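One structure below.
The values are calculated or read from the model by the stated rules, or taken from the named source; none is laboratory data. A quick note: this is a predicted structure, and the numbers were derived from the prediction, not measured. Heads up, the Cβs are rebuilt from the backbone with ideal geometry, glycines too, and the neighbour counts pull from every protein chain shown. Side chains are part of the model used for accessible areas, which takes the heavy atoms of the whole protein and leaves out ligands, DNA and RNA. Shrake-Rupley method; radii C 1.70, N 1.55, O 1.52, S 1.80 Å.
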Amino acid sequence: MVQLILGNKGKGKTKHLLDKVNAHIKEASGNIVYLDKSTKHMYELNNKVRLIDTSEYLISNYDQFLGFLCGIISQDHDLEAMYLDSFLDIACLAPTDTAAVIEKIETISDNFKVDFTISISLDESELPASLKENIIISL
């Protein structure tokens, strides 16, 4: 399952994402990973959530990012969910490529039974119709 939190920059998407991951960890039976472009929100996350700062890795395009996701999944068979903040930045993604990459993430989610919640700095009107059903919050 892939869920999307949308809104332009500065609308509060990260707060909603942090609230969601911290609520999820209380009932989770597996591991949860939070990907971000820095460690800025480290102290806002429950200490059971694994924070990965993607800026420490040499990710320069979305294919490398997708490989990075698969690498994380391959090393943790108890992985239940991944939360992705600042998606366009951490995935090195142009807004026009968003739909194609999210479709690949949906395939990864289905194949490996890992849920994804993704924060994207886009307005709902900028998202293709095929992804509208994935929106859980639009700010």
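List the residue pairs whose Cβ atoms are under 6 Å apart, where the first residue sits in segment 69-82 and is of a type outside the set (Asp, Glu), the second is open to solvent by 50 Å² or more (accessible area, probe 1.4 Å), and the two are 6 or more positions apart or on different chains.
ILE73/PHE112; LEU79/ASN31; ALA81/ASP115
Return only the number of the condition from (1) farther than 15 Å from ILE105 by Cβ; (2) open to solvent by 30 Å² or more (accessible area, probe 1.4 Å) that TYR62 does not satisfy.
(1)
Please specify each residue of segment 60-91 satisfying the condition of being under 13 Å from the mean Cα position of the chain (by Cα) and in a loop (DSSP other than H, G, I, E, B).
ASP85, SER86, ALA91
Quick one: in segment 34-59, of everything that is more than 14 Å from the chain's Cα centre (by Cα) and among the hydrophobic types (A, V, I, L, M, F, W, C), which residue is nearest to LEU17 (Cα to Cα)?
If we take residues in segment 34-59 being more than 14 Å from the chain's Cα centre (by Cα) and among the hydrophobic types (A, V, I, L, M, F, W, C), then LEU45 is nearest to LEU17 (Cα to Cα).
Search segment 95-117 for residues that are part of a loop (DSSP other than H, G, I, E, B) and pair each with any residue that is surrounded by fewer than 20 Cβ atoms within 10 Å (Cβ to Cβ) when their beta-carbon atoms are under 6 Å apart and the residues are at least 6 apart or on different chains.
VAL114/ILE73; VAL114/LEU79
Conditions (1) of a type outside the set (Gly, Ala, Ser); (2) at pLDDT below 95, marked per residue:
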position	(1), (2)
GLU80	yes, no
SER109	no, no
LEU131	yes, yes
ILE135	yes, yes
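In the list TYR57, TYR62, which residue meets the criterion of being without any contact (Cβ under 8 Å) to a residue 40 or more places away in the chain and more than 22 Å from ASN8 (Cα to Cα)?
Numbers: TYR62 fails: more than 22 Å from ASN8 (Cα to Cα).
Answer to the selection: TYR57.
Among what's in segment 21-59 and is among the polar types (S, T, N, Q) and buried (at least 16 other Cβ atoms within 10 Å of the Cβ), pick the residue that is nearest to ALA81 (Cα to Cα). Talk me through it step by step, then tell me what you get.
First, pick out the residues of segment 21-59 that are among the polar types (S, T, N, Q): 22, 29, 31, 38-39, 46-47, 54-55.
Applying the additional criterion that residues be buried (at least 16 other Cβ atoms within 10 Å of the Cβ) yields 22, 31, 54.
On the way: ASN22: 12, ASN31: 7, THR54: 17 Å.
Once the filter is applied, the top-ranked residue is ASN31.
Specify the residue that is nearest to ILE73 (Cα to Cα); the eligible residues are those in segment 118-135 that are assigned to a helix (DSSP H, G or I) and open to solvent by less than 50 Å² (accessible area, probe 1.4 Å).
Filtering segment 118-135 down to residues assigned to a helix (DSSP H, G or I) leaves 124-126, 129-134.
This time we only want the ones that are open to solvent by less than 50 Å² (accessible area, probe 1.4 Å), so: 131, 134.
On the way: LEU131: 23, ASN134: 21 Å.
Filtering first and then ranking leaves ASN134.
Do you know which residues across segment 111-129 are more than 17 Å from TYR62 (Cα to Cα), modelled with pLDDT under 95 and either hydroxyl-bearing (Ser, Thr, Tyr) or in contact with a Cys (Cβ under 9 Å, 6 or more places away or on another chain) (or both)?
Scanning segment 111-129 gives a single hit, SER125.
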